[in-house]
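Colleague: My structure is below; once you've seen it, I'll send some questions.
Taken together, the values in this text are just the output of simple stated rules run on the coordinates, not laboratory data. Please read these numbers as outputs of a predicted model, since none were measured by experiment. Methodologically, a virtual Cβ is constructed for each residue, glycine included, from the backbone with ideal geometry; neighbour enumeration extends over all protein chains shown.
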Ligand code: MN
């Protein structure tokens, strides 16, 4: 048993023009695949860990054998984060407005005032993050929502947080289409968010 690339729920070109087909193809079939392959290679030395879902590995990094802990943090994180990312995205035609999901709307308003302020705060965090990493909307143990960023492939799961929504800030996620224009990428991503999935994550 080894970890596998999850099936993508949409075609490579389904998020056009906000995320281009070439970026989706390389991101999923090369970058994500590489995280899966490197996680599998690292775990060969401790194959009993293959029985655990990757979420369990990331929630308990301190219990992972030291010789593979960094590999699990980086590649296990990469595998989980990307699997999560594909699920919170969907084609524009399939998106549902947040207004039609009252439970989600109420939670966002309770956390950030209103939906516009939430988007502005998320943009600010995404833009000010230096280097590679992810911007996250997470829930803490007290069920409070927070927007934060993490470096590289570090996962909210390893910080005791539940991820609700996240955006990949690595240049490989946007450079082909947007080059240095991270702001444009972050503003366009709202067009292809699967808010129904975000709500499911909130209820976990
Ligand atoms: Mn990525």
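Colleague: At a Förster radius of 45 Å, what calculated FRET efficiency corresponds to the Cβ-Cβ distance of residue 119 and residue 47, to the nearest 0.05? Let's see the in-between values first.
Modeller: Numbers: r = 44 Å, r/R0 = 0.97.
After rounding, the FRET efficiency stands at 0.55.
Colleague: Determine, for 195, 134, the number of other Cβ atoms within 10 Å of each Cβ, and report the residues in order from fewest to most.
Modeller: On the way: 195 22, 134 27.
Least to most surrounded, the residues fall as 195, 134.
Colleague: How big is D for the chain, in µm² s⁻¹ as a whole number, if Stokes-Einstein is applied with the Kirkwood radius of its Cα pairs at 20 °C and 1.002 mPa s? Walk me through the intermediate numbers first.
Modeller: Working: Rh = 17.5 Å.
It diffuses with D of about 123 µm²/s by this estimate.
Colleague: Can you list the residues of the range 89-118 with backbone N under 15 Å from a point 7 Å past the Cα of residue 184, pointing along Cα to Cβ?
Modeller: No residue passes the distance filter.
Colleague: Cα axis of helix 102-112 to longest principal axis of the chain: angle in degrees, 0 to 90, nearest 10?
Modeller: Approximately 90 degrees, to the nearest ten.
Colleague: Now for a different question. Please give, to one decimal in nm, the separation of the simple spin-label points placed at residue 171 and residue 148, each 7 Å out from Cα toward the Cβ.
Modeller: 2.8
Colleague: Let me ask another. Please work out how much length the chain gains when fully extended from residue 25 to residue 141, using 0.36 nm per residue of separation minus the C-alpha to C-alpha distance, in nm with one decimal.
Modeller: On the way: separation 116, 0.36 × 116 = 41.76 nm, distance 3.58 nm.
Length difference between fully extended and current span is 38.2 nm.
Colleague: Can you tell me the length gained on complete extension of the stretch residue 95 to residue 59, counting 0.36 nm per residue apart and subtracting the Cα distance?
Modeller: 9.9 nm
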